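The structure appears below as structure tokens.
The values are calculated or read from the model by the stated rules, or taken from the named source; none is laboratory data. What you see is a predicted model, and the numbers here were worked out from it, not measured in a lab. FYI the Cβ positions are ideal-geometry reconstructions off the backbone, even for glycines, and counts take in every protein chain you see. Calculation scope for accessible area: heavy atoms of the full protein, side chains included, ligands and nucleic acids excluded. Shrake-Rupley method; radii C 1.70, N 1.55, O 1.52, S 1.80 Å.
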Amino acid sequence: MWAAVIGDPIAHSLSPVLHGAAYRQLGLDWHYRKCLVPPPQLGGFLQTALRDADLAGLSVTMPHKQTVIPYLQYLDPVAQETGVVNTVLPAGRGYNTDVAGIVGCFPEGGTAAVILGSGATASSALIALSQLGIKKISVCARTLTGRNKAGDVAKRNGIKITGTDLSTESVRTQVSESDIIISTLPVGVADYLAKIVGADSTGKQLLDVAYAAGQSDLVKAFRGRVIPGTEMLLRQAREQVRLMTGRRIALTIMRQALQ
């Protein structure tokens with residue numbers, strides 16, 4: 001059996017480390033690899049892969065988390081809510097484990113939250129915060145509405161949000177009123193906001209989902225509880241392993257492999 005992570009770019013992905021550790025712990029002689037799939041090749045790749053009887057599943061990363069949906073036959077309820085798929089199983093079944101990954105990062109909960117960005121991961125963060133029972137949610141982004149943007153996901157699911165731009169003043173206001181900050185922006189994009197987010201951060205929680213370049217300026221400036229993007233990665237990957245194998249794996253096994 002084999003599984004893979006598909007995306008473009010893909011070289012930075014740590015998914016093979018996590019899934020490989022899980023397979024060893026479960027005693028499975030499975031292979032997990034990285035597959036560089038440029039957007040024009042997505043349909044052809046899926047058509048071939050989903051016909052392979054040895055396929056256990058695919059992890060889906062950017063830029064395919066939304067564009068993969070038209071090629072699928074089934075979406076789980078969370079994938080339907082978010083309009084985001086990060087896991088594909090045989091027979092074209094699509095799932096979203098990012099939401100569970102984000103929920104697991106916040107055992108302490110919170111009362112108000114701000115999301116930086118409005119793309120696929122922001123949409124998953126929005127549903128995760130709703131599942132956590134957080135009623136006051138703001139989204140700071142260059143574009144809030146549009147196909148599968150967080151603003152549209154909020155409207156479709158009846159979630160009330162405050163939408164603002166990514167200017168320093170807007171972010172300062174929303175961060176000051178929140179105890180959870182989730183940055184879904186690409187590596188380096190949020191660096192100019194580091195001092196603003198970090199200025200009044202004592203007692204707050206920050207999840208920066210970008211992990212490829214190590215510790216960001218945003219994380220360095222933060223004075224509250226920092227949740228690295230690898231924590232979300234770990235938790236969503238564990239759920240992917242459960243979907244693909246039908247068996248559960250201890251989070252510690254995957255964390256040790258990552259370290």
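Show the residue pairs that are 6+ apart or on different chains and have beta-carbon atoms under 6 Å apart, the first residue being within region 42-67 and touching a residue at least 24 places away in the same chain (Cβ under 8 Å) and of a type in the set (A, V, I, L, M), the second being part of a helix (DSSP H, G or I) and buried (at least 17 other Cβ atoms within 10 Å of the Cβ).
Matching pairs, first to second residue: LEU46/TYR71; LEU55/ALA49; ALA56/MET244.
Tally the residues that are in contact with a strand residue (DSSP E or B) (Cβ under 6 Å, 6 or more places away or on another chain), touching a residue at least 40 places away in the same chain (Cβ under 8 Å) and in a strand (DSSP E or B), restricting the search to region 1-33.
Looking only at that region, the number is 5.
Can you name the strands (runs of 3 or more DSSP E) wholly within region 149-259 that have at least 3 residues being of a type in the set (Gly, Ala, Ser) and crowded, with 21+ Cβ neighbours inside 10 Å?
Working: elements: 161-164, 180-183, 205-208, 225-228.
Correct list: empty, since no element meets the threshold.
Kindly list the number of the only condition in (1) touching a strand residue (DSSP E or B) at 6+ places or on another chain (Cβ under 8 Å); (2) closer than 22 Å to ILE10 by Cβ that fails for ALA113.
(2)
If a residue must be modelled with pLDDT under 95 and open to solvent by less than 50 Å² (accessible area, probe 1.4 Å), how many such residues does region 1-13 contain?
1
Among the residues of region 43-84, count how many are of a type in the set (D, E, K, R) and surrounded by fewer than 16 Cβ atoms within 10 Å (Cβ to Cβ).
Number of matching residues: 3.
One residue is enough: does region 24-40 have a residue meeting the conditions touching an Asp or Glu at 6+ places or on another chain (Cβ under 7 Å), crowded, with 16+ Cβ neighbours inside 10 Å and modelled with pLDDT of 95 or more?
Yes; the residues of region 24-40 include at least one that is touching an Asp or Glu at 6+ places or on another chain (Cβ under 7 Å), crowded, with 16+ Cβ neighbours inside 10 Å and modelled with pLDDT of 95 or more.
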